[in-house]
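Below is one structure; the comments refer to it alone.
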């Protein structure tokens, strides 16, 4: 799994194009302030491991990054452009949902961008060291 995190002053998206036929209606666009935008690429090798261990590793990494950036707000975004290896849609969505539950149980405010859509993005990210974090988990 590859994760690219941006701390953002403001992050907004608008659904632009459906890329998974079975994806549900995305609803309207959303915006968030003072949040981490976690761009996550779940890989085929992640499916060979226990789902619980993968979501725990992801959630722990996001909690660490949130503490470093002094925010309690996290947005999970499926970003299948960090690796050529892609996990199945079902596994990826389940991992996102389980990580969201774990983070919410730890009192974080968590949202997900619409799964199965390309989005128009607006990102206002300040330029300091921990405002951008890349990791291979």
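FYI, it's all coordinate maths here, none of it is from the lab. For clarity, every value in this text was computed on a predicted model and none was experimentally measured. Because the Cβ atoms are built from the backbone with ideal geometry, glycine has one as well, and the counts that use them run over all protein chains shown.
A few remarks follow.
- Helical mean residue ellipticity (222 nm; -39500 (n - 2.57) per DSSP H run of 4+; nearest 500) of the chain: -9000 deg cm²/dmol
- For 6, 11, order by how many other beta-carbon atoms lie within 10 Å, fewest first: 6, 11
- Placing a label point 7 Å from the Cα of residue 105 along the Cα-to-Cβ direction, the residues of the stretch 59-86 whose backbone N falls under 17 Å from that point are 59-64.
- Where only alpha carbons of the stretch 1-73 are counted, the Rg and the Dmax (Å): 14.6, 38
- Label sites at residue 89 and residue 72, each approximated as a point 7 angstrom past Cα along Cα to Cβ, lie 3.6 nm apart.
- Solution diffusion estimate, µm²/s, Stokes-Einstein, the stretch 63-137, Kirkwood Rh from C-alpha pairs, 10 °C, viscosity 1.306 mPa s: 113
- Rg to Rh, two decimals, where the stretch 53-101 supplies the alpha carbon set and Rh follows Kirkwood: 0.99
- Look at 56, 70 and count the other Cβ atoms within 10 Å of each Cβ; fewest to most, that gives 70, 56.
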